[in-house]
Each structure stands twice: as C-alpha cells, then as structure tokens.
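Have a look at the structure below, then the notes.
The values are calculated or read from the model by the stated rules, or taken from the named source; none is laboratory data. Only a predicted model underlies this, so the values are computations on that prediction, with no experimental measurement involved. Cβ: placed from backbone, ideal geometry, glycine included. Neighbour counts: every protein chain shown. For the accessible areas, the whole protein counts, side chains as well, though only heavy atoms, and no ligand, DNA or RNA atoms are used. Shrake-Rupley method; radii C 1.70, N 1.55, O 1.52, S 1.80 Å.
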Amino acid sequence: MSIKKQAEKMGHMVVGALKRVADDVFTKRGVEIRFRQYVDAEGTLYAVNCTGKLEYIAGDDWVI
C-alpha cells in the first residue's frame, strides 16, 4: 500500500508530491533501526520501515 493511502487510513492527507530526505537511523537494544523518510509540500514528514509500513507522521507540533 502506498504512503499516501496509509496516511489517509491514519486520518492525514498528503499534500503534493513526496520528496525523499535523509533516513531516521537509531539503535534500539543494540539493533540498528532505519526508517526511510519523505516530506510533502507542507513539510510534513513520513517515516517508513523496511517493509514499507508507515511508522509515523510528524508535523511542526504533532506526531501521529
């Protein structure tokens, strides 16, 4: 399922095209976690895991 469709199911509409930005990379219990990140025309950030699942949506002052 596309990022746009997943975001809609979470109650958020993607504005414009998505642009790829730097990955979110961190370590959890010694394991590296990497989320691919994209931003839309409004600057809203969308993070996707390695299987393509939308993990979180973040704006200026909120996170879904």
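Among the residues of the range 37-54, which ones are of a type outside the set (S, T, Y) and touching a residue at least 40 places away in the same chain (Cβ under 8 Å)?
Applying the first criterion (of a type outside the set (S, T, Y)) to the range 37-54 yields 37, 39-43, 45, 47-50, 52-54.
If the condition is that a residue be of a type outside the set (S, T, Y) and touching a residue at least 40 places away in the same chain (Cβ under 8 Å), then V48, G52, K53, L54 are the ones that fit.
Only one residue in T51, T44 is in contact with a Gly (Cβ under 9 Å, 6 or more places away or on another chain) and among the β-branched types (V, I, T). Which one? Working first, answer last.
Values: T51 fails: in contact with a Gly (Cβ under 9 Å, 6 or more places away or on another chain).
Testing whether each residue is in contact with a Gly (Cβ under 9 Å, 6 or more places away or on another chain) and among the β-branched types (V, I, T) leaves just T44.
Filter the range 31-50 down to the residues that are of a type outside the set (A, V, I, L, M), at pLDDT 95 or above and open to solvent by 70 Å² or more (accessible area, probe 1.4 Å) and list them by number.
Within the range 31-50, E32, R34, R36 qualify.
Say whether the condition of being assigned to a strand (DSSP E or B) and open to solvent by 90 Å² or more (accessible area, probe 1.4 Å) is met by at least one residue in the range 8-17.
Within the range 8-17, none of the residues are assigned to a strand (DSSP E or B) and open to solvent by 90 Å² or more (accessible area, probe 1.4 Å).
Has the range 54-62 got at least one residue that is surrounded by 10 or more Cβ atoms within 10 Å (Cβ to Cβ) and either polar (S, T, N, Q) or in a loop (DSSP other than H, G, I, E, B) (or both)?
Looking for residues that are surrounded by 10 or more Cβ atoms within 10 Å (Cβ to Cβ) and either polar (S, T, N, Q) or in a loop (DSSP other than H, G, I, E, B) (or both), one finds at least one in the range 54-62, hence yes.
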